[in-house]
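A short worksheet on the structure shown next.
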Amino acid sequence: MFRAHYFYAALVVAILAGATVIRSADPFFLAALRLIAFDSYQRLDPTPYHPELPVRVVDIDEESLSRIGQWPWPRTTIADLLTKLRDQGAAVVAFDILFLIPVFILAGILLLFGAIVLLGRWKGGKYLKPILIQLQKVPFMNRWLQKASRAALEKQNPELASAVAKIERSSGAMNDPLAAQRALSKLTAAERRAYLEAAGEQGPGPSNRAERRRLERARKRSR
């Protein structure tokens with residue numbers, strides 16, 4: 001009998017602990033059951049309507065659909081609705097509607113990205129580079145292109161991406177050859193090798209003998 005009391009007490013404690021954990025986690029099925037129960041209570045015993053409450057529901061009913069047209073409505077119609085609500089004194093308007101991107105805008109974005117991909121693959125991106133140069137003049141496009149370029153470089157060549165990031169953080173390394181040399185000396189061997197190989201592929205080397213010698217010494221140290 002004494003053991004039975006302990007068993008029932010442990011069972012009650014375990015049930016309470018499990019219920020507490022489930023309520024704290026609040027999984028999807030529990031939230032769905034709670035909402036279903038609340039809706040059922042509202043249908044069985046709805047809250048009485050009080051005209052003095054400053055809350056109104058604008059419902060899109062069958063009459064509205066037959067008079068204005070099937071959903072989705074044009075954004076201009078929604079704008080007219082907001083204007084009328086504002087004129088009638090609405091302080092805050094909340095939508096319980098999912099506004100999707102219009103199909104023609106989505107198709108235009110897909111066509112634009114498709115054209116960019118094709119231009120990038122045609123003749124080594126010869127006709128894409130002038131377009132990207134013009135886009136870089138737009139501030140937000142320039143930031144987006146830089147982020148996309150860094151992400152692609154980090155995925156393709158992590159050593160080169162790390163070297164470029166360190167050199168960009170060094171003050172004056174992009175304009176001063178001595179500062180660039182000091183920045184190169186702080187790179188690891190793999191980073192220095194990747195940076196020098198990329199610099200050699202992009203165009204002609206240094207313009208004077210001293211710079212060429214410094215670059216050659218840096219290449220020898222990276223081997």
Quick check on region 122-139. Is at least one of its residues in contact (Cβ under 8 Å) with a residue 12 or more places away in the chain and surrounded by fewer than 10 Cβ atoms within 10 Å (Cβ to Cβ)? no
Here is a list: L106, L85. Which entry is outside the structural domain of Q146 (by TED's automatic domain parsing), at pLDDT 75 or above, closer than 21 Å to I68 by Cα and out of contact with any strand residue (DSSP E or B) (no Cβ under 6 Å at 6 or more places or on another chain)? L85
How many of the residues in region 52-66 are within 18 Å of V92 (Cβ to Cβ) and either of a type in the set (K, R) or surrounded by 10 or more Cβ atoms within 10 Å (Cβ to Cβ) (or both)? 2
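The values are calculated or read from the model by the stated rules, or taken from the named source; none is laboratory data. Quantities reported herein were computed from a predicted structural model and do not represent experimental measurements. Cβ atoms come from the backbone with ideal geometry, glycine included; neighbour counts cover every protein chain shown.
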